[in-house]
Structure formats: C-alpha cells, structure tokens
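Take a look at the structure below.
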Amino acid sequence: MFSQNLKTLRRAKGLSQEELAARLHVARQTVSKWENGLSVPDADLLIRLAEIFEVPVGKLLGDPVDIPEQTDRVAEKLEQLNLLLAERNRRNRRLLRTVGGILLGLLAAAVVCFAAAAAVFSIFPSSGFSENITQETAVVG
C-alpha cells in the first residue's frame, strides 16, 4: 500500500527520510509517519511525492501503473486511508482508556487494602500483644 510504496521508492532513489522531508518542506517525523502508516499526505504533497519519484500518483497508492491518473480516484483512496487511520486511532484510544481505568481501579483497591491493613495493625500493636501472650504462657506453663 502507500506506506510500503513510499519507503521502497525513497530507498530506490537513495534518499533518507530527512532528505525527502527537506524536499517537501515537512518534518522528518512526518515522512516516518507516512512510512509507518500512521498518517497520509494531503493531495498536494502526494503530487509532489510522485514528481520527486517520477511515478504516477496511482503507483504511490498501490494502483497498477497502466491506469491513468484520475484526481477523483486519488481523493477516494486518500479518504479511505484517512478513514482507516481514524478508526484505528479510535480503537487505540478506547483500549488505552480501558487499560487506564483498570490500572486506576487496581491502584485504588491497593490503597484501600493498604489503609485497611494499616488501621488493623494500629489497633493491635504487635509489641504489646506479644508481651501479653508470653506472660500468659509463662503463667500457664
């Protein structure tokens, strides 16, 4: 798909992410996100990428090369990619919230248990209680 095609074409041209980013006037991290499938470039940048790599935009998006470039088709592909990324981001946020809630619940339970244990042990101090037992044992024995 786009991310793999971009990485392959960039390497074939002998460009680093930083060099490609400089040509496009974007941050290196932006190119990295594109190559890792975390985001996609807008239509203008996509056209500039195609010019840099001397390939049709369709080849960047994974279409066969013999299909003529159509602006509507490119826009549809970009929209599909954006929708997929948005859905994945929603799932990741939902998972993060769930895990965070569980961890927060476990932390609260641990604090309650610790407070309860501290309260129980402060009622029965260990040194006085053991002295009483040893004195009773001495009297019985």
Q. How many residues are basic (Lys, Arg) and either without any contact (Cβ under 8 Å) to a residue 40 or more places away in the chain or farther than 17 Å from Arg48 by Cβ (or both) when one looks only at the range 2-20?
A. 2
Q. Restricting attention to the range 21-55, which residues are in a loop (DSSP other than H, G, I, E, B) and in contact (Cβ under 8 Å) with a residue 40 or more places away in the chain?
A. Gly37, Leu38, Ser39, Val40, Val55
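Matching residues to (1) within 13 Å of Leu81 (Cα to Cα); (2) in contact with a Ser or Thr (Cβ under 7 Å, 6 or more places away or on another chain); (3) buried (at least 18 other Cβ atoms within 10 Å of the Cβ):
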site	(1), (2), (3)
Phe2	yes, no, yes
Lys7	no, no, no
Leu15	no, no, no
Ala22	no, no, no
Gln29	no, no, no
Ser39	yes, no, no
Asp44	no, no, no
Ile47	no, no, no
Ala50	no, no, yes
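Do the conditions hold for Leu81, that is, is it surrounded by 12 or more Cβ atoms within 10 Å (Cβ to Cβ) and either of a type in the set (A, V, I, L, M) or modelled with pLDDT under 85 (or both)?
Details: surrounded by 12 or more Cβ atoms within 10 Å (Cβ to Cβ): yes; either of a type in the set (A, V, I, L, M) or modelled with pLDDT under 85 (or both): yes.
Against the criterion (surrounded by 12 or more Cβ atoms within 10 Å (Cβ to Cβ) and either of a type in the set (A, V, I, L, M) or modelled with pLDDT under 85 (or both)), Leu81 qualifies.
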Q) Would you call Glu87 assigned to a helix (DSSP H, G or I), modelled with pLDDT under 85, surrounded by 10 or more Cβ atoms within 10 Å (Cβ to Cβ) and within 28 Å of the chain's Cα centre (by Cα)? A) no
Q: Quickly run through the range 1-20 and pick out the residues that are modelled with pLDDT of 90 or more and part of a helix (DSSP H, G or I).
A: Gln17, Glu18, Glu19, Leu20
Q.
So for the range 108-118 (the condition being farther than 30 Å from Thr8 by Cβ, over 28 Å from the mean Cα position of the chain (by Cα), at pLDDT below 95 and not in a helix (DSSP H, G or I)), does at least one residue qualify?
A. no
Q) Within the group Val74, Val65, which residue is modelled with pLDDT under 90, touching a helix residue (DSSP H, G or I) at 6+ places or on another chain (Cβ under 7 Å), assigned to a loop (DSSP other than H, G, I, E, B) and hydrophobic (A, V, I, L, M, F, W, C)? A) Val65
Q. Of all residues in the range 30-62 being closer than 14 Å to Arg10 by Cβ and β-branched (Val, Ile, Thr), which is modelled with the lowest pLDDT?
A. Val55
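The values are calculated or read from the model by the stated rules, or taken from the named source; none is laboratory data. Given the structure is predicted, the values throughout are model-derived calculations rather than measurements. No Cβ is skipped: glycine too gets one built from the backbone with ideal geometry, and neighbour counts run over all protein chains shown.
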